[in-house]
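Asker: There's a structure below that I have some questions on.
The values are calculated or read from the model by the stated rules, or taken from the named source; none is laboratory data. As the structure is a prediction and not an experimental result, all values here were calculated from the model. Don't worry about glycine lacking a Cβ; one is built from the backbone with ideal geometry, like all the others, and counts go over all protein chains shown. Ligands, DNA and RNA are stripped out before the accessible areas are found, and what is left, the full protein with its side chains, is counted by its heavy atoms. Shrake-Rupley method; radii C 1.70, N 1.55, O 1.52, S 1.80 Å.
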Amino acid sequence: MVPCAELSAFIANRSAQVSAQRLMTRAATAWRECEDVAPVAKALRDYGEGFPPDGCAALFDLMSDPAKAEAFASGFLTAMAAAMAEQPLGHPCFWHSIEGDFTAVHLLHSGQATLSLVVVEADPGSRTTPVVSASFTATERHEIILTGKAEGKIYSLENRSNLRRNNGRKVFEKGQVLHLPAWTVRVFQRVSAPLVSLRLSHRPQPMPVTKQVRLSDGAVLHEAAGDPVDTRHELMAALLGEMQHEEATPALAAFASRPGFSGARWEALRRTLALDTETGFRLLTRIADDPDDPLAADAYRLRGRLLESHPVLANLVEG
C-alpha cells in the first residue's frame with residue numbers, strides 16, 4: 001500500500017505523474033509487440049474488420065486452447081505487475097470496468113472485436129441471489145475459463161424474441177471452451193470460486209438494441225440502444241428538453257421524424273411535445289397514422305391518452 005504522504009506528494013507533482021504514465025505506456029506497448037501477442041493483435045484487427053474466423057488463425061488458435069489462453073493471460077499479468085512494482089502509482093493503459101461482481105479489462109481492441117480478461121467474483125458465503133432478468137445482445141462471444149467454478153444456465157432468444165433455456169443447469173469451470181452466439185447469455189446461479197476467463201467478443205455493425213428480458217416468462221422489460229451514438233442522441237434530446245430550449249424544437253422534431261433508433265426518436269418526440277404543444281401533437285399524429293413507422297403503435301396510444309385528457313388538442317389537427 002502506498003503511504004498517504006507519498007500519494008499526496010505524487011498528486012502534487014505533475015512531472016512525476018507524467019513519468020509514471022510514460023512507464024506504463026511503454027510497458028503496455030512492449031507487451032502488445034512481444035512475439036506471443038503481436039500475431040494475436042494482428043489477427044484481432046482482421047477479425048474486427050470483418051475477416052472470417054478461419055482467416056484469423058492466431059486469434060482462434062488461442063481461443064480454442066486452454067493452455068495457450070492461460071499462458072497469454074499470465075504473460076499480460078506478469079508484464080503489468082512488473083510495471084506497477086516499478087511504479088505503484090502508475091495507471092495501466094487498458095480500458096477497464098467494474099460493475100457489481102463483474103470486472104473486465106480490454107487487453108486488445110480493434111474495430112468490432114475485443115479480447116478481454118474478465119472476472120466474476122465469488123458469492124459471499126453460501127448465499128445465492130436469484131437472477132430475475134438478463135440482458136441479451138447481438139454480440140458473439142468465445143470464452144475460455146482460466147480458473148474458478150460456477151453453476152448456472154444458458155439462455156437464448158430465438159429470432160430475437162422467443163426465450164429458450166439450453167440444456168438445464170450447467171457447471172462452468174477451469175478449462176472449458178465456450179461459444180455464446182448472438183442473443184445468447186450465461187446466467188450464474190452460484191459462483192463458488194472467482195471465475196476468471198479470457199473472452200473474445202464481436203459486435204455487429206450496426207449494433208441492434210439490447211433487450212432486458214425476464215427469465216420466468218420471456219417478457220421484454222426494457223430496450224436500450226446498442227450503439228453508443230444512439231445513446232448520446234437520446235441523452236442530448238433529454239438535456240435540451242430539461243433545459244427548456246424552445247429554439248431546439250425544430251431540431252428535435254426533425255430528429256423524431258427521421259428513421260433511427262426508436263428510443264432516441266421517442267425521447268425527441270416527447271421533448272417536442274413539452275416545448276411546443278402544437279408542433280409536437282401534429283408530429284405525434286403523423287407518426288401514429290403511419291403504419292410503417294416503428295413508433296406508430298406507441299404514438300397511437302399516447303395520442304389517445306392525450307385526447308382523452310385534453311380534447312381541445314383535436315383542434316390542432318382538424319382539417
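Asker: Any chance you could give the angle, 0 to 90 degrees and rounded to 10, that helix 296-309 forms with the longest Cα principal axis of the chain?
Answerer: Relative to the chain, helix 296-309 is tipped by roughly 50 degrees.
Asker: What GluC sites (Glu not before Pro) in region 16-63 are in a loop by DSSP, with at most 12 other Cβ atoms within 10 Å of the Cβ?
Answerer: Glu35, Glu49
Asker: Quick one: which of 305-314, 278-287 comes out on top by average Cβ neighbours within 10 Å, and what's the full order, highest first?
Answerer: 278-287, 305-314
Asker: Per residue, how much accessible area does the chain have with a 1.4 Å probe, in Å²?
Answerer: 56 Å²
Asker: Let's see if you can work this out: charge +1 on each Lys and Arg Cβ, -1 on each Asp and Glu Cβ, no other charges. What is the dipole magnitude of region 125-214 about its Cα centre, in debye to the nearest 20? Can you show the working numbers first?
Answerer: On the way: 16 positive and 5 negative charges, 50 e Å.
Here region 125-214 has a charge dipole of around 240 debye.
Asker: Can I ask one more? With a cut-off of at most 13 other beta carbons within 10 Å, and DSSP calling the residue loop, which chymotrypsin sites (Phe, Trp or Tyr not before Pro) in region 59-149 qualify? Please list them. Don't skip to the end; give the middle numbers.
Answerer: Working: sites: Phe60, Phe72, Phe76, Phe94, Trp95, Phe102, Phe136; in loops: Phe94, Trp95.
Of the chymotrypsin sites (Phe, Trp or Tyr not before Pro), the ones in loops of region 59-149 whose Cβ has at most 13 other Cβ atoms within 10 Å are Trp95.
Asker: Of all the accessible heavy-atom surface of region 37-185, with the other protein chains kept in place and a 1.4 Å probe, what percent is carbon and sulfur?
Answerer: The C+S portion of the solvent-accessible surface of region 37-185 is 53 percent.
Asker: Considering only His96, Ala113, Ala71, whose Cα is most displaced toward the positive end of the charge dipole of the chain, charges sitting on Cβ of Lys, Arg (+1) and Asp, Glu (-1)?
Answerer: So the residue we want is Ala71.
Asker: Then there is this: Can you compute the charge dipole magnitude of the chain about its Cα centre, using +1 on each Lys and Arg Cβ and -1 on each Asp and Glu Cβ, nothing else charged? Give it in debye, rounded to the nearest 20.
Answerer: Dipole about the Cα centre, nearest 20: 700 debye.
Asker: From the residues Pro291, His222, Thr249, which one has its Cα farthest along the dipole of region 186-304 in the positive direction, the dipole being from +1 and -1 charges on Cβ of Lys/Arg and Asp/Glu about the Cα centre?
Answerer: His222
Asker: Among the trypsin sites (Lys or Arg not before Pro) within region 168-245, which fall in a DSSP loop and have no more than 16 other Cβ atoms within 10 Å of their own Cβ?
Answerer: Those that pass, being in a loop and sparsely packed, are Lys174.
Asker: Assign unit charges at the C-beta atoms only (+1 for Lys and Arg, -1 for Asp and Glu), then state the dipole size of region 1-160 relative to its Cα centre in Debye, rounded to the nearest 20.
Answerer: Dipole magnitude for region 1-160 comes out near 440 debye.
Asker: Take each of the peptides 146-154, 291-299, average the number of other beta-carbon atoms within 10 Å over its residues, and list them starting from the highest.
Answerer: Order by mean packing, descending: 146-154, 291-299.
Asker: If we count every other residue with Cβ under 13 angstrom of His179's Cβ, Lys/Arg +1 and Asp/Glu -1, where does the sum land? Let's see the in-between values first.
Answerer: Details: positive: Arg141, Arg186, Arg199; negative: Glu140, Glu143.
Cβ neighbours under 13 Å give a net charge of +1.
Asker: Expressed in nm to one decimal, what extension gain is obtained for the pair Val131 and His310 from 0.36 nm per residue of sequence separation less their Cα-Cα distance?
Answerer: Length difference between fully extended and current span is 60.2 nm.
Asker: How much net charge surrounds Gln244 when only the other residues with a Cβ under 13 Å from the Cβ of Gln244 are counted, with Lys and Arg +1 and Asp and Glu -1?
Answerer: Cβ neighbours under 13 Å give a net charge of -3.
Asker: For Cα pairs less than 8 Å apart in space and 6+ apart in sequence, what is the mean separation divided by the residue count of region 9-62, i.e. the relative contact order in percent?
Answerer: Relative contact order here is 22 percent.
Asker: On a straight-distance basis, which aspartates and glutamates could pair with Lys170 in a cross-link, Cα separation under 14 angstrom, same-chain partners fewer than 8 positions away excluded?
Answerer: Of all the aspartates and glutamates, those that pass the test against Lys170 - Cα under 14 Å, at least 8 places apart if same chain - are Glu151.
Asker: What percent does the relative contact order of the chain come to when contacts are Cα pairs within less than 8 Å and at least six residues apart?
Answerer: After rounding, I find 13 percent.
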